[in-house]
Amino acid sequence: MFNLAFENFNEILYMDGHGIYVWSVYSIGTFLIFLSFLIAKKSIRDIQQKIKIKNASS
Amino acid sequence: MKLLSAQNITYSINENKLFHNLSFEINAGEGLHIKGGNGSGKSTLLRIIMGITSPSKGLIETYDQDLNISYLGHKNAIKNYLSPLENLKLLFNDAELKIALKWLGKFGLLDVQDELTAGLSFGQQKKLALIRVFTKSSELIVLDEPLVGLDKTTAELFSGFLIQKLSEGVGLILTSHIDPMINCKVLNLGGKNAEAS
Amino acid sequence: MLMLGWTWGLLFAPQDAVQGNSYRIIFLHVPSVIFAELIYFFMAVCALMHLVWRVKLGAYLIKSAAPIGAMITFIGLLSGSIWGIPTWGTWWQWDARITSTLILFIMYLGILTLHGSFSNLEKADRLMSILVVIGVVNIPIIKKSVDWWSTLHQPASISVSGGSSIDPSMLYPLLISVIGLGFTLISLGILSSRSYIFIREKNKRWISENV
Amino acid sequence: MLRLVKAESFKLSKKLKSWLGPLLIMVLVLIAFPLSIDISQFDLDKFYFSIIIVSLLMTSFVATEGMFEEDFEDGSLEQEFLIEKDFYKLVLSKIFVYVCLIGIPIAFIGALFSFANGVAIGSFAKVFLLLSLSNLLLFNLFAFGNALSINKGAMLGVLSSLPLALPVIILLGTAVRSIQFGDGFAAIITLMIGVGLVMSAIMPLIISAALKTHID
């Protein structure tokens with residue numbers, strides 16, 4: 001059950017011709033998830049900065 | 001007789017406080033003039049009093065469950081694709097319509113009663129909107145800047161009408177930058193902790 | 001929580017090296033479609049909370065969950081149609097499931113645009129919650145009717161789920177990837193709702209004290 | 001209630017653009033479509049009904065567009081709120097008037113054009129009933145969409161409520177089949193009447209909540 005289904009790295013990429021579909025889906029998926037993490041982090045940082053500026057000024 | 005009382009009204013919009021802990025009350029036959037600079041929340045306060053807007057904190061209590069309120073705000077609630085006469089017909093039943101027509105004559109709008117309201121001047125439209133307040137019988141009259149755009153004779157007619165209504169025991173709340181020439185309590189929203197004086 | 005989410009989330013990349021071919025898309029596709037709906041139901045619960053008990057947090061949670069939901073629905077649709085190219089030979093089928101997922105996606109977008117169009121945020125919150133609640137009532141109706149429609153039009157429609165007799169060597173990674181994506185999305189949700197709560201409550205004292 | 005129905009129908013009849021416009025659009029689409037493609041009558045028969053249905057959707061979309069906007073803009077909603085304390089009656093009578101003055105004529109036009117589709121004379125009443133009922137459903141749904149976004153133009157809200165209307169379309173498609181093959185029509189009509197009644201009772205509640213939020 002835990003044996004690798006492929007013999008070498010190239011085959012993992014190729015996947016009998018389906019590789020392009022599989023990997024594009026996964027790359028887009030992870031990219032989107034990753035991107036939304038980045039956006040969320042950035043907006044937190046932005047708003048924290050704004051609050052800090054406000055605190056410093058008041 | 002008490003008509004309505006406000007207790008500790010606070011209102012904030014998008015977390016910015018507009019006013020804080022306002023308390024006042026209106027008795028029958030009594031007027032309240034709400035003063036304050038631009039953006040001090042006069043119109044909002046009126047809407048809260050009428051129960052259209054709900055306050056962030058505090059309570060408006062009316063002593064009569066179905067208190068009849070006539071209101072005229074910045075928006076005239078007049079259909080500009082109808083003529084003044086048709087507008088009035090939409091609003092009133094036959095008996096009321098007679099009174100309304102009388103006012104229409106007093107305001108000098110009889111000549112234009114069949115034209116489209118869209119073509120009327122600002123002041124004429126305002127007069128038409130005032131007729132609604134003048135004709136409907138109610139226990140409380142709420143007016144938001146009623147004197148803007150009115151000429152002197154109309155303004156005098158107007159304050160005469162209000163004084164008469166006050167003597168009949170109708171409550172009155174209004175905001176105005178122009179002195180309405182009526183005896184009433186003043187509530188100033190200019191400062192932070194304003195109170196009725 | 002974030003670390004846990006990522007460790008679980010990262011697990012599903014190695015795990016799907018167990019079986020061959022374009023089936024592997026299932027490990028992203030199925031979880032994302034599952035969560036596309038779960039997030040909507042979560043939003044509906046929040047909307048009810050907001051409308052009935054006037055909990056502000058409910059609206060904040062909807063607002064931060066909706067983009068995530070839209071994203072995951074999009075991933076689900078995209079992975080589904082890319083998967084469709086090798087297996088069905090076409091990237092789009094007017095199949096019941098796909099159509100209703102597309103409608104779900106449109107609904108997410110509608111919710112987002114609706115909220116974005118108001119200047120008074122409290123109004124926006126309330127109207128959005130109303131739309132979400134109506135939407136959740138409609139989801140089963142839409143599903144049912146689309147199902148009905150597609151059985152009328154194409155009696156021999158292609159079944160998307162790979163049959164009930166799924167091999168355990170595929171089932172376990174699938175389950176793990178569902179859980180993994182779940183944790184990833186929860187941490188993402190916590191992050192984005194945190195930022196949104198900051199944005200909305202920036203004038204409150206407790207925020208400025210806890211930056 | 002009667003006062004509101006009277007007032008609304010008077011207002012609508014004075015707004016020529018609002019009630020004649022949708023009817024014209026309906027006619028225009030139904031005439032323009034066959035002209036725009038080079039196709040034999042036989043092929044046209046097959047999908048002309050779907051054109052009728054889609055243009056029904058579009059016209060009800062257009063017809064409901066200004067439903068609450070004007071009342072919101074000129075402050076009539078506030079006045080109405082002071083009298084009635086909520087908008088249930090207003091919304092109910094508005095939808096009723098709109099369905100009567102716009103929805104039913106549209107349905108009539110749609111049914112008329114279905115003759116061109118080889119529908120037997122006897123089925124006219126069926127098609128007409130079907131289309132009117134679906135207009136009732138669509139108007140309710142789009143009125144809701146409208147109420148969601150009156151201050152930003154109705155388009156946005158209607159678009160976000162568009163997915164809600166899809167089941168109606170599907171139902172219509174099924175009903176048309178059942179008319180053509182002559183079975184199951186009664187069941188569908190009963191279903192539509194039921195849904196229509198429930199919706200016309202509940203939708204005004206939701207819509208009036210949305211309107212209340214707007215003037216808040």
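Observations, loosely collected:
- Checking C:Gly162 against (1) part of a helix (DSSP H, G or I); (2) modelled with pLDDT under 75; (3) away from chain D (no Cβ under 14 Å), the condition it does not meet: (1)
- Filter result for B:Ile48 (touching a Pro at 6+ places or on another chain (Cβ under 6 Å), in a helix (DSSP H, G or I) and either surrounded by 15 or more Cβ atoms within 10 Å (Cβ to Cβ) or outside the structural domain of B:Gly108 (by TED's automatic domain parsing) (or both)): yes
- So B:Ile69, is it of a type outside the set (Ser, Thr, Tyr) and closer than 30 Å to B:Gly119 by Cα: yes
- Flag if B:Leu128 is surrounded by 14 or more Cβ atoms within 10 Å (Cβ to Cβ) and over 21 Å from B:Ile182 (Cα atoms): yes
- Residue check for D:Phe96: touching a helix residue (DSSP H, G or I) at 6+ places or on another chain (Cβ under 9 Å) and without any contact (Cβ under 8 Å) to a residue 60 or more places away in the chain: no
- Scanning the range B:63-95 for residues that are outside any strand (DSSP E or B) and of a type in the set (S, T, N, Q), we see that the one that is surrounded by the most Cβ atoms within 10 Å (Cβ to Cβ) is B:Asn87.
- Residue check, B:Ile60 in a helix (DSSP H, G or I), on the phi < 0 side of the Ramachandran plot, more than 13 Å from chain D (Cβ to nearest Cβ) and in contact with a helix residue (DSSP H, G or I) (Cβ under 9 Å, 6 or more places away or on another chain): no
- Boolean, C:Trp88 is facing another protein chain (nearest Cβ under 9 Å) and at pLDDT below 80: no
- For B:Gly73: the one exception among (1) more than 10 Å from every other protein chain (Cβ to nearest Cβ); (2) touching a residue at least 40 places away in the same chain (Cβ under 8 Å): (1)
- Options B:Leu147, B:Leu166: the member that is surrounded by 15 or more Cβ atoms within 10 Å (Cβ to Cβ) and in contact with a Ser or Thr (Cβ under 9 Å, 6 or more places away or on another chain): B:Leu147
- Check on B:Ser23, assigned by TED's automatic domain parsing to the domain that holds B:Asn188 and either in contact with a helix residue (DSSP H, G or I) (Cβ under 7 Å, 6 or more places away or on another chain) or not in a strand (DSSP E or B) (or both): no
- Options D:Leu82, D:Leu166, D:Leu92: the member that is in a helix (DSSP H, G or I) and at pLDDT 85 or above: D:Leu92
- When the range D:80-89 is filtered for residues that are in contact (Cβ under 8 Å) with a residue 60 or more places away in the chain and within 13 Å of chain B (Cβ to nearest Cβ), the ones remaining, listed by number, are D:Phe81, D:Asp86, D:Phe87.
- Residues in the range C:41-59 that are within 13 Å of another protein chain (Cβ to nearest Cβ) and surrounded by 22 or more Cβ atoms within 10 Å (Cβ to Cβ): C:Ala47, C:His50, C:Ala59.
- Of all residues in the range D:45-61, those being within 12 Å of the chain's Cα centre (by Cα) and more than 16 Å from D:Ile150 (Cβ to Cβ) number 8.
- Within the range B:96-121, being more than 14 Å from chain D (Cβ to nearest Cβ), in a helix (DSSP H, G or I) and either touching an Asp or Glu at 6+ places or on another chain (Cβ under 7 Å) or loosely packed, with under 15 Cβ neighbours inside 10 Å (or both) holds for B:Lys98, B:Lys102, B:Gly105, B:Leu110, B:Asp111, B:Gly119.
- Enumeration of residues in the range A:18-58 that are exposed (fewer than 13 other Cβ atoms within 10 Å of the Cβ) and in contact with a Ser or Thr (Cβ under 9 Å, 6 or more places away or on another chain): A:Lys42, A:Arg45, A:Lys52, A:Asn55, A:Ser58
- Selected residue (criterion: nearest to the other protein chains (Cβ to nearest Cβ)) from residues of the range C:67-82 that are within 12 Å of the chain's Cα centre (by Cα), small (Gly, Ala, Ser) and buried (at least 24 other Cβ atoms within 10 Å of the Cβ): C:Gly76
- Whichever residue in the range D:52-77 is surrounded by fewer than 20 Cβ atoms within 10 Å (Cβ to Cβ) and within 14 Å of chain B (Cβ to nearest Cβ) and, among such residues, is modelled with the lowest pLDDT: D:Gly66
- Given (1) at pLDDT below 80; (2) assigned to a strand (DSSP E or B), index of the condition B:Gly39 fails: (2)
The values are calculated or read from the model by the stated rules, or taken from the named source; none is laboratory data. All of these numbers come straight from a predicted model, not from anything done at the bench. Neighbour counts run over all protein chains shown; Cβ positions are idealised from the backbone, glycine included.
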